[in-house]
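The values are calculated or read from the model by the stated rules, or taken from the named source; none is laboratory data. Predicted model only: the values in this text are computed from it and were never measured. Cβ: placed from backbone, ideal geometry, glycine included. Neighbour counts: every protein chain shown.
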Amino acid sequence: MKLILQGHEERYLTETLALLFFPAAGFSAERDDGLQAVSRLEGRTAFTEITAHGKTAQAVDTAREDEPAEQSIARSFYKAGQALTGITPPWGTLTGIRPAKLVKRLLDSGLTEREAADRLLRDCFTSPDKTALCAGVLRSEQQALAQLNPSAVSLYLGIPFCPSRCSYCSFVSHSVEKEGRFIPAYVEALKEEVEQTMKALDKISVPVQSIYMGGGTPTTLSAEQLREVLGIFSRYLDPKTLSEFTVEAGRPDTITQDKLEAILACGADRISVNTQTTDDETLRRVGRTHSADDFFAAYELVRRYPFRVINVDLIAGLPQEPVEAFCKSLKDTIALRPENLTVHSLSLKRAARLEYKDMDRSRQGSNDIVEMLSFTSAATKEAGYQPYYLYRQRNTLGNLENVGYALPDTQGLYNVYIMGEYQSIVAMGAGGVSKVVGLPGGKIERVFHNKYYHEYIRDKEKMRRNRETLITLLQRARSF
Ligand code: SF4
């Protein structure tokens, strides 16, 4: 899309809004792909003209005196996009990652839920359903926050290997077939990091409230390797402060009895079995090496063990998957009664092999995903699940949301604490990003590990320096 700005510099905002209506768009001033948008600001009034393949729509909007002028840029862009494409993105012009924070601000200012919904509909064209979703999340989040220990940390361990690479994958993960021979060296480096980090936290008496082992696919490790890494915690952890310990087993084709026994023996009480869909054709299309039956068998196996919580992940908007197939996956999953259910909207970052242009074109700009998420909202509610955490990512189809649902009293604490930046996170493994919250001035500091596993294995010195920085930051946060 040729994007021309006049009288303002709100490039990020206008690009994000353009992606709502044209998800395949790339942006530059010279581009000639039949798409053009002109966004002009004069005083508090914004004009937008969008042209797509010979059709043009225009819109104008004026900001009220009590709001920033940028609101008019967003609203005029939205109105022109809607008039041209007929699409009504349900979040309106709200583009932030955590929309529930905005709703919280409105409720804290004394508005009722109804008044907050009216305000967001007026200012941002946000549908009342989405405001209600945010309000539901905030209510459920309160239960998780009642258990928060702000002086404790959460730990994250990353395993960047998977049995195969899914076509939509936007993480740094490597297929076991090609790079599995490096897993033993990775496990050694991770063991050292876990040991040293736990020692350092112990020394400054910082307790651990939750642990999350994710990936990639942690169960690409053998039972023995899982025991070696996770077993380190038992020497340092105080069971009285640890509230939750999750292992994201992930791909059903990696889950075996001996690995489950190892995970359980090391103290984990929450486990994820992720199928993303129960449609075999979609599973094949996106390069996952398991069938729906493999998922059902893995779930049944996991259920035989006394995990407190099982989570299942699904994705709305997988390439060429019809709305009916997604709805069936959701119904299949709800029938299993996992305590937690997480529904993501497909997000494609640059690292994904699959680009929008390779996707089913009929999906681009359609309301399919909106339908999938509306169905999710109704079906989970009917089945007794509550939404308890919510976030959005850029490059998610339609700028839609990812939502964690939970049966009563089973909210995933790690998800709430980390997503809401309520607690510091100490991340270990390649690509880990630690975050220290509660610093003077409300500042948040991040510490980045090497992104790729081979750099991580090699560069022990960086790991040591990161640990030192992290400990200093945690001490500073504590003394504040
Ligand atoms: S299982 Fe997850 S991390 Fe692994 S390749 Fe698929 S999307 Fe990526």
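The residues in the stretch 414-470 that are surrounded by fewer than 22 Cβ atoms within 10 Å (Cβ to Cβ), touching a His at 6+ places or on another chain (Cβ under 9 Å) and at positive phi can be counted, and the count is 1. When each of LEU336, LEU314 is tested for being modelled with pLDDT of 95 or more, under 24 Å from TYR212 (Cβ atoms) and touching a Phe, Trp or Tyr at 6+ places or on another chain (Cβ under 7 Å), the lone residue that passes is LEU336.
Do the conditions hold for ALA292, that is, is it in the same structural domain as TYR168 (by TED's automatic domain parsing) and either within 16 Å of the ligand (Cβ to nearest atom) or not small (Gly, Ala, Ser) (or both)? Break it down stepwise before answering.
On the way: in the same structural domain as TYR168 (by TED's automatic domain parsing): yes; either within 16 Å of the ligand (Cβ to nearest atom) or not small (Gly, Ala, Ser) (or both): yes.
Yes: the conditions hold for ALA292.
Is it true that some residue in the stretch 140-148 is in contact with a helix residue (DSSP H, G or I) (Cβ under 8 Å, 6 or more places away or on another chain) and more than 22 Å from MET419 (Cβ to Cβ)? Step through it out loud before you land on a result.
As a first pass, look at the stretch 140-148 and keep what is in contact with a helix residue (DSSP H, G or I) (Cβ under 8 Å, 6 or more places away or on another chain): 141, 144-145, 147-148.
Narrowing further to those that are more than 22 Å from MET419 (Cβ to Cβ): none.
No, because not a single residue in the stretch 140-148 is in contact with a helix residue (DSSP H, G or I) (Cβ under 8 Å, 6 or more places away or on another chain) and more than 22 Å from MET419 (Cβ to Cβ).
The residues on offer are ARG251, ARG235, and the sole one that is more than 24 Å from PHE296 (Cβ to Cβ), touching a residue at least 12 places away in the same chain (Cβ under 8 Å) and not aromatic (Phe, Trp, Tyr) is ARG235. Here PRO239 passes the criteria (1) surrounded by 18 or more Cβ atoms within 10 Å (Cβ to Cβ); (2) more than 16 Å from the ligand (Cβ to nearest atom); (3) not in a helix (DSSP H, G or I) except the one numbered (1). For ALA268, the conditions (1) within 16 Å of the ligand (Cβ to nearest atom); (2) of a type outside the set (Asp, Glu); (3) not in a helix (DSSP H, G or I) all hold with the exception of (1).
Results for (1) hydrophobic (A, V, I, L, M, F, W, C); (2) touching a strand residue (DSSP E or B) at 6+ places or on another chain (Cβ under 9 Å), shown as yes or no for each residue.
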{"site": "GLU42", "(1), (2)": "no, yes"}
{"site": "THR45", "(1), (2)": "no, yes"}
{"site": "LYS55", "(1), (2)": "no, no"}
{"site": "ARG64", "(1), (2)": "no, no"}
{"site": "SER72", "(1), (2)": "no, yes"}
{"site": "ALA83", "(1), (2)": "yes, yes"}
{"site": "LEU102", "(1), (2)": "yes, no"}
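Residues checked against (1) touching a His at 6+ places or on another chain (Cβ under 6 Å); (2) under 21 Å from MET213 (Cα atoms); (3) modelled with pLDDT of 90 or more:
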{"site": "ASP118", "(1), (2), (3)": "no, no, yes"}
{"site": "CYS124", "(1), (2), (3)": "no, no, yes"}
{"site": "ALA152", "(1), (2), (3)": "no, yes, yes"}
{"site": "CYS166", "(1), (2), (3)": "no, yes, no"}
{"site": "PHE171", "(1), (2), (3)": "no, yes, no"}
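Scan the stretch 393-413 and tell me whether some residue there is under 22 Å from MET198 (Cα atoms) and either touching an Asp or Glu at 6+ places or on another chain (Cβ under 9 Å) or touching a residue at least 12 places away in the same chain (Cβ under 8 Å) (or both). Lay out the reasoning, then the answer.
In the first step, residues of the stretch 393-413 are kept if they are under 22 Å from MET198 (Cα atoms); the result is 413.
Retained after the next criterion (residues that are either touching an Asp or Glu at 6+ places or on another chain (Cβ under 9 Å) or touching a residue at least 12 places away in the same chain (Cβ under 8 Å) (or both)): 413.
Among the residues of the stretch 393-413, at least one is under 22 Å from MET198 (Cα atoms) and either touching an Asp or Glu at 6+ places or on another chain (Cβ under 9 Å) or touching a residue at least 12 places away in the same chain (Cβ under 8 Å) (or both), which makes the answer yes.
One residue is enough: does the stretch 155-172 have a residue meeting the conditions away from the ligand (no atom under 16 Å from the Cβ) and either part of a helix (DSSP H, G or I) or buried (at least 17 other Cβ atoms within 10 Å of the Cβ) (or both)? For the stretch 155-172, residues away from the ligand (no atom under 16 Å from the Cβ) and either part of a helix (DSSP H, G or I) or buried (at least 17 other Cβ atoms within 10 Å of the Cβ) (or both): present.
The lone criterion from (1) part of a loop (DSSP other than H, G, I, E, B); (2) within 23 Å of ILE471 (Cβ to Cβ); (3) touching a helix residue (DSSP H, G or I) at 6+ places or on another chain (Cβ under 8 Å); (4) touching a residue at least 24 places away in the same chain (Cβ under 8 Å) left unmet by ASN450 is number (4).
A single member of THR282, THR246, THR277 is over 19 Å from the mean Cα position of the chain (by Cα) and not assigned by TED's automatic domain parsing to the domain that holds LEU20, and it is THR282.
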